Amino acid sequence: MNRRIEWQRDDYSRVPYVVYHDEGIFEQEREKIFAGRTWSYLALEAELPEPGDFKTSFMGDIPILVSRDRDGAVHAFVNRCAHRGALVRREARGNAKNHTCIYHRWCFALDGQLVGVPFRNGVAGRDGLPADFKLADHGLQRLRVSSLNGVIFGTLSAEAESLEDYLGPEVCEHIARIYHKPVRLLGYQRQRMTGNWKLYVENSRDNYHASLLHAFLTAFGMGRATQKGGQAMDARHRHTWTFDYANSDSDEAAKAAYASATPDAFKLKLRDPSFLKMRPERNDGLRGLIMNVFPCTIFVHSGNAIAIRQVRPKSAGEHELVFTLVGYADDDEDMTERRLLAANMSGPAGYVAMEDGEAVEIVSAATRTQLDATSLIEMGGKGPLPREFGRGTDLSLRGFWSNYAQFMGIEPAGGVR
């Protein structure tokens with residue numbers, strides 16, 4: 001299957017279901033987005049504190065190896081041996097003197113250079129590599145790497161703009177706000193979903209569903225449409241962020257607003273309400289900031305939880321979601337405990353993340369049989385896209401598709417930007 005994407009509306013308020021299921025489209029995404037002129041989150045410097053530390057990651061479904069060399073510099077490469085294409089590193093993370101492929105023991109230095117080939121000159125005077133073979137020509141395929149406040153990004157494109165220009169000033173500011181001081185790793189959570197990667201990215205940009213699907217957020221005032229907050233996008237609608245303020249509504253106002261939608265949510269009770277107590281960390285009153293960076297990364301600082309969600313596509317119909325949970329290096333025991341408690345929200349059994357996974361899978365199941373049918377995303381209006389808006393809209397989804405179409409080279413005539 002390899003079908004064209006036909007837009008019914010030039011404002012991206014109708015998205016054809018074929019985009020979620022066609023393997024040919026997924027292959028084009030690998031070339032034009034993941035290996036194209038985008039920057040992808042790879043790792044945190046806190047995950048690579050010592051020389052020799054490494055971590056395996058992905059850019060789309062392209063396997064990536066991130067490595068800190070003996071001088072402390074961070075490098076990233078495609079995790080694929082130059083010889084026969086085997087994975088060089090199969091571990092999630094570790095520490096090593098070099099990177100040696102298990103298949104034929106080709107050895108690469110921490111900076112990706114090929115430094116050793118068994119039987120290079122043959123055995124007993126026979127065979128071996130040609131005389132003109134040069135180790136320097138066959139290192140690991142290198143990525144451009146840039147780090148912002150300890151957050152490491154990479155790109156395979158020599159033509160991609162700088163990381164700062166790609167992210168834009170607002171996203172850089174928000175990353176600096178969250179990662180304003182050293183962090184330490186608290187752990188990981190993973191879940192696998194049957195559904196296209198873009199379904200989860202849409203879900204993470206879509207604040208309309210948050211207090212309707214997630215009764216937990218509504219019941220306990222952790223994210224209600226009645227609270228003060230909003231959404232915004234960068235000038236190109238490439239990235240989006242959602243924010244809300246703590247204690248900015250009342251239970252009475254919320255119950256009235258949700259009376260016809262989710263009235264049963266307010267029947268929920270917690271045996272231990274201490275889970276809900278947020279310890280203030282700043283003076284800005286923000287309870288939550290969730291920021292989606294195109295194509296596949298979501299930065300979260302919600303309550304006392306700090307996390308990065310990385311979407312890892314596996315095929316047109318399956319993806320993995322990896323949560324990296326962190327705290328600040330100078331956190332006391334009480335704050336560390338609060339951050340770990342907040343991890344109950346995420347992961348495959350999380351109070352909230354479990355429902356997101358179910359939403360992705362039921363959309364995937366219902367859209368695969370009529371690929372020319374479309375979604376209808378008009379909450380917030382049609383036509384031109386604003387940069388700032390409320391949380392009960394589809395506007396950030398249309399922003400995603402506008403930017404996606406540009407990267408894929410499939411914009412309709414007069415398409416909204």
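The values are calculated or read from the model by the stated rules, or taken from the named source; none is laboratory data. All figures in this text were calculated on a predicted structure; none of them were measured in a lab. Glycine gets a Cβ as well: all are built from the backbone with ideal geometry, and neighbour counts include every protein chain shown. Accessible surface is based on the protein model in full, side chains and every heavy atom, while ligands, DNA and RNA are left aside. Shrake-Rupley method; radii C 1.70, N 1.55, O 1.52, S 1.80 Å.
Observations on the model:
- Over the chain, Cα pairs under 8 Å with separation of 6+ residues give a relative contact order of 21 percent.
- When Rg and the Kirkwood radius Rh are both evaluated on Cα atoms of region 45-146, their ratio Rg/Rh stands at 1.01.
- Peptide packing: for 161-170, 346-355, the average count of neighbouring Cβ atoms within 10 Å per residue gives the ranking 346-355, 161-170, highest mean first.
- Solvent-accessible area of TRP7, all protein chains in place: 30 Å² (probe radius 1.4 Å, heavy atoms, ligands and nucleic acids excluded).
- Computed over protein heavy atoms with a 1.4 Å probe, the accessible surface of region 45-146 works out to 54 Å² per residue.
- Scattering profile of region 257-361 at q = 0.10, 0.18, 0.22 Å⁻¹ [log10 I(q)/I(0), Debye over alpha-carbon scatterers]: -0.36, -1.07, -1.32
- When the solvent-accessible area of the chain is split by element, carbon and sulfur atoms take up 49 percent of it, the probe being 1.4 Å.
- Measuring how big region 7-57 is from its alpha-carbon positions, Rg and Dmax come out at 17.5, 53 Å.
- Among 68-78, 260-270, sorting by the average number of other beta carbon atoms lying within 10 angstrom of each residue, highest first, gives 68-78, 260-270.
- Length gained when the stretch ASP165-ASP284 is fully extended (0.36 nm per residue, less Cα-Cα span): 40.2 nm
- Shape class for region 168-407: rounded, because the ratio a/c of the largest to smallest gyration tensor axis (alpha-carbon atoms, square roots of eigenvalues) is under 1.5.
- Treating r as the C-beta distance of ARG70 and ALA259 and R0 as 60 Å, the FRET efficiency rounds to 0.40.
- Region 45-146 - percent relative contact order, Cα under 8 Å, separation 6 or more: 24 percent
- Sequence-separation-based contact order of region 358-403, relative, with Cα cut under 8 Å and 6+ spacing, percent: 31 percent
- Percent of alpha-carbon pairs separated by more than 22 Å within region 286-417: 52 percent
- Per-bin percent of Cα-Cα distances, region 33-100 [10 Å]: 21, 53, 25, 1
- Among the cysteines of the chain, those whose beta-carbon sits 4.7 Å or more from every other cysteine beta-carbon are CYS107, CYS172, CYS296.
- Of LYS55/LYS97; LYS55/LYS181; LYS55/LYS134; LYS198/LYS314; LYS97/LYS134, those spanning more than 20 Å from alpha-carbon to alpha-carbon: LYS55/LYS181; LYS55/LYS134; LYS97/LYS134
- Cα-derived Rg to Rh of the chain, Kirkwood definition: 1.00
- Added length on full extension, which subtracts the Cα-Cα distance from 0.36 nm per residue, GLN8 to ASP132: 39.0 nm
- In terms of packing, defined here as the mean over residues of other Cβ atoms within 10 angstrom, the peptides 305-314, 101-110 line up highest first as 305-314, 101-110.
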